[in-house]
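Beneath this line is the structure, given in structure tokens, with notes to follow.
The values are calculated or read from the model by the stated rules, or taken from the named source; none is laboratory data. All values derive from a computational prediction rather than experimental measurement. Note that each Cβ is placed from the backbone with ideal geometry, even for glycine, and that neighbours are counted across all protein chains shown.
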Amino acid sequence: MSELLANAYSAAAFRQQGHALVDLLADHLERAQAGTDPILTYHDPADQLAHWQADFNQPPITDLLPLFAELVQRSIHVHHPGFMGHQVAPPLPLAALTGLLAGVLNQGQAVYEMGMSANALERLTTQWLARKLGLGATAGGLLTSGGTLGTLTALLTARAAAAPADVWEVGTTSRLAILVSEEAHYCADRAVRIMGLGTEGLIKIPTNDRFQMRTELLEPALAQARAAGLTVFAVIGSACSTSTGSYDDLMAIADFCEQHGLWFHADGAHGGAAALSDTYRPLVSGIERADSVVVDFHKMMMTPALITAVLYRRDADAFRTFQQKAQYLWADATAPDWFNSGKRTFECTKRMMSVAIYTVLRTYGEGVFADNVDVLYGLARRFAAQVCGRPGFELAVEPESNIVCFRYVDAGRTPAQTAELNARIRQQLVEAGRFYIVQTTLRGQLYLRVSLMNPFTTDAHLTALLDECQRLVDDYVREE
Ligand SMILES: *Cc1c(COP(=O)(O)O)cnc(C)c1O
């Protein structure tokens, strides 16, 4: 081995670097959670690139800390109480630490020997979650890299189960389609197109004034699709949707699917975790009847990205997704080789995701997940009440989850002017660095959008957010 390689693999250096890094990150967590520093220090993309380009051209470093500190400083701080933008969890420090373990052990997982414990923990954690969702004794699943890939995986399983011919052998021989709400996450659209079903493969069902699928329109949509020569094979229920966090009526979708022999997929990437809360469990009523469910641990379950569960009511279904006929007959429900993860997942090599979930469960118990849902969903309801109590501010819809869409309106402005004002509020908020929120367009209107992902966010922070919005409105009016 060269001296360079020997240095790069030095266990002694790792020990020293690791301690220093953990100290740096612990300091970062303390500061971020206290919320005293800005959430992000904004540089435009060209400046950011120029900074790193200059750094890249420097000679090799011996002290890592300045580099790590710079990376922290030039990143958005998801543990800051003002972080309420996208649906990314401030990960539990313990869950992040398991990433270090997973990185060092580097279990490839696809075959048993390359992930002996990893495969066992994956089995236990997915079965645990399936049980919590109420999917029953024969349920199981797998872990994969994100809800987008999880949705594709579940829809591939659905197609394998439902298509008239063996798709794995002969390809898609009929014009297949699925039904989704118009508010469904774009990953459904993407999956359908990857599967080669084209634009006609995704039939969008309109939503009601609460942005939930109008399930009474499923029946006519199915009839119309059939009349047009399409074979509908699945329906996706959103639990919850991304823009407004609205839960579809999963019970009605389950009834419809049962009646017509369709695969029921529940997209619980964000909101499936509500099943763990006694208070919010009713929101996902019906999820226990789904054929497949996707839940992101990196959203409401406090792990770093990406860790997604794809759960099946009949665990054996998972073996149909990527298997040739002879092989999936062999891996039947009574002898499924759950320990060879690669058989059922899109990935061949994948990270040891299960260790993050398992360690959190073993250390804090499942109550930590319920607490997180309770805190964040409760916070959203109280924030909505604050919005309603402020003259000029309005909600898009009463929140069902921890996602709240709101805006400032006054009678004198056209819709375009209202949109411009709200977009400006958001831009200035983000640049000021105390709050990070996003925006979305609902039925043609621009709304400010918060996802309350951080249990360090309090009612007082949300009052301060609205005060800040009001101040920006006042500035704007003064300038007019
Ligand atoms: C976030 C999200 C997804 C996509 O999941 P990723 O893990 O980001 O790939 C899918 N569906 C819903 C409802 C989501 O909120």
### Query
Which of the residues belonging to segment 430-441 are modelled with pLDDT under 95 and hydrophobic (A, V, I, L, M, F, W, C)?
VAL430, ALA432
### Query
Hey, among ALA318, ALA290, ALA273, which residue is at pLDDT below 95, buried (at least 24 other Cβ atoms within 10 Å of the Cβ) and touching a Phe, Trp or Tyr at 6+ places or on another chain (Cβ under 7 Å)?
ALA318
### Summary
The condition of being among the aliphatic types (A, V, I, L, M), surrounded by fewer than 12 Cβ atoms within 10 Å (Cβ to Cβ) and in a loop (DSSP other than H, G, I, E, B) holds, among ILE39, ILE76, ILE61, only for ILE61
### Query
Which one of these does ALA160 not meet: (1) touching a helix residue (DSSP H, G or I) at 6+ places or on another chain (Cβ under 8 Å); (2) more than 28 Å from GLU347 (Cβ to Cβ)?
(2)
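Filter the strands (runs of 3 or more DSSP E) completely within segment 335-447 down to those with at least 2 residues that are over 20 Å from the mean Cα position of the chain (by Cα).
Those strands (runs of 3 or more DSSP E) span 393-395, 403-408.
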### Query
Among all residue pairs at least 6 apart or on different chains, which show Cβ distances below 6 Å where the first residue, located in segment 129-148, is in contact (Cβ under 8 Å) with a residue 60 or more places away in the chain and the second is in a loop (DSSP other than H, G, I, E, B) and away from the ligand (no atom under 15 Å from the Cβ)?
ALA130/ALA139; LEU135/ARG313; THR138/ARG314; ALA139/ARG313; LEU142/ARG344
### Summary
When segment 234-260 is checked residue by residue, the ones that are surrounded by fewer than 24 Cβ atoms within 10 Å (Cβ to Cβ), more than 10 Å from the ligand (Cβ to nearest atom) and in contact (Cβ under 8 Å) with a residue 40 or more places away in the chain are PHE256
### Query
In segment 140-176, how many residues are assigned to a loop (DSSP other than H, G, I, E, B), modelled with pLDDT of 90 or more and out of contact with any strand residue (DSSP E or B) (no Cβ under 6 Å at 6 or more places or on another chain)?
2
### Query
exposed (fewer than 14 other Cβ atoms within 10 Å of the Cβ) and touching a strand residue (DSSP E or B) at 6+ places or on another chain (Cβ under 8 Å): does that describe PRO415?
yes
### Query
If only one of THR207, THR151 is among the β-branched types (Val, Ile, Thr) and in contact with a Cys (Cβ under 8 Å, 6 or more places away or on another chain), which one is it?
THR151
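Has segment 162-178 got at least one residue that is assigned by TED's automatic domain parsing to the domain that holds CYS257 and within 16 Å of the ligand (Cβ to nearest atom)?
Among the residues of segment 162-178, at least one is assigned by TED's automatic domain parsing to the domain that holds CYS257 and within 16 Å of the ligand (Cβ to nearest atom), which makes the answer yes.
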### Task
Among the residues of segment 177-209, write down those that are in a loop (DSSP other than H, G, I, E, B), surrounded by 13 or more Cβ atoms within 10 Å (Cβ to Cβ) and touching a residue at least 40 places away in the same chain (Cβ under 8 Å).
GLU183, ALA184, HIS185, MET195
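Among the residues of segment 211-229, write down those that are surrounded by 15 or more Cβ atoms within 10 Å (Cβ to Cβ) and on the phi < 0 side of the Ramachandran plot.
Result: GLN212, MET213, ARG214, THR215, LEU217, LEU218, ALA221, LEU222, ALA225.
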